[in-house]
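In what follows, a structure is listed as structure tokens, so that the remarks can point back to it.
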Amino acid sequence: MNRYLLAANWKMNLRLDEAKTFLKAFVAEYQLEGNGKRVLIAVPFPYILPALELTAGYSGIKIAAQNLHHEAAGAYTGEVSAEMLASCGVDAVLVGHSERRQYFREENAVLAKKAELALDAGLDVVYCLGETQAERGAGQTLAVVEQQLKTGIGHLDALAWQRVVIAYEPVWAIGTGLTAEPADAQAVHAHIRALVEQLHGADHAQATSILYGGSVKPSNAKALFAESDIDGGLVGGASLHLADFTALLKALPSA
Ligand code: PGA
């Protein structure tokens, strides 16, 4: 299977009219440049339905939510459940983004519940992990990533695992303009793949998409995507600009 995937994370950006304009223009670019490549766009909740409409007919383009609640249903004012997302027709959801971990105090135990609910509802999960600057400085990168992986999604069975994408996003590289050196990112990706192999065997490890995130942009994408265990990117800032995101689509290998 082709592991390559280009994922956008719009975060809390763009008005609805801007989002629609972007998607209309992007699907036109995709028709020219897409070549069957896999794209996932994580949009704010209110844009899910229009985004699904505007990308319908492009089987390579999927729409994701950026979050879900860790309970299945009930009196949780303002929250959105896995079932609700699935009933809208959304394809996937981000779980464990560092901004959720940092600003909303989401711990691995809560993230484990989110991942399980999402997968049970039929959604794919993009599970994000990565170390802070201080953890990297202390030489803890691999240990932190291992802990986040094992306690967040380590309990999932092999069947569920087929619908999990992992995004390695060093916290110090997100939105800062700093990017991990391709070889450094590759070392972490190889470690993650080895962990997946320990959990579920070599076939699953080889089939799992492991994305890199953190200031991915047209100028650094080719070198990152050329690494053997980097299967594409999860992109914030550069996913908001059509020319940049289209350039990233071009930089993504086809197979
Ligand atoms: P960035 O964000 O590309 O703006 O660094 C990546 C992310 O947070 O997923």
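See the values below:
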{"read-out": "Number of the exception - V144 against (1) hydrophobic (A, V, I, L, M, F, W, C); (2) in a loop (DSSP other than H, G, I, E, B); (3) surrounded by 17 or more Cβ atoms within 10 Å (Cβ to Cβ); (4) away from the ligand (no atom under 15 Å from the Cβ)", "value": "(2)"}
{"read-out": "Selection status of G233, more than 16 Å from the chain's Cα centre (by Cα) and of a type in the set (G, A, S)", "value": "no"}
{"read-out": "Of residues in the stretch 106-133 being more than 16 Å from the ligand (Cβ to nearest atom) and modelled with pLDDT under 95, the one farthest from L234 (Cα to Cα)", "value": "A109"}
{"read-out": "Segments classed as strands (runs of 3 or more DSSP E), wholly inside the stretch 1-114, with at least 1 members that are touching a Cys at 6+ places or on another chain (Cβ under 9 Å) and hydrophobic (A, V, I, L, M, F, W, C)", "value": "61-65, 92-95"}
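The values are calculated or read from the model by the stated rules, or taken from the named source; none is laboratory data. These numbers were taken from a predicted model, which means no experiment stands behind them. Note that each Cβ is placed from the backbone with ideal geometry, even for glycine, and that neighbours are counted across all protein chains shown.
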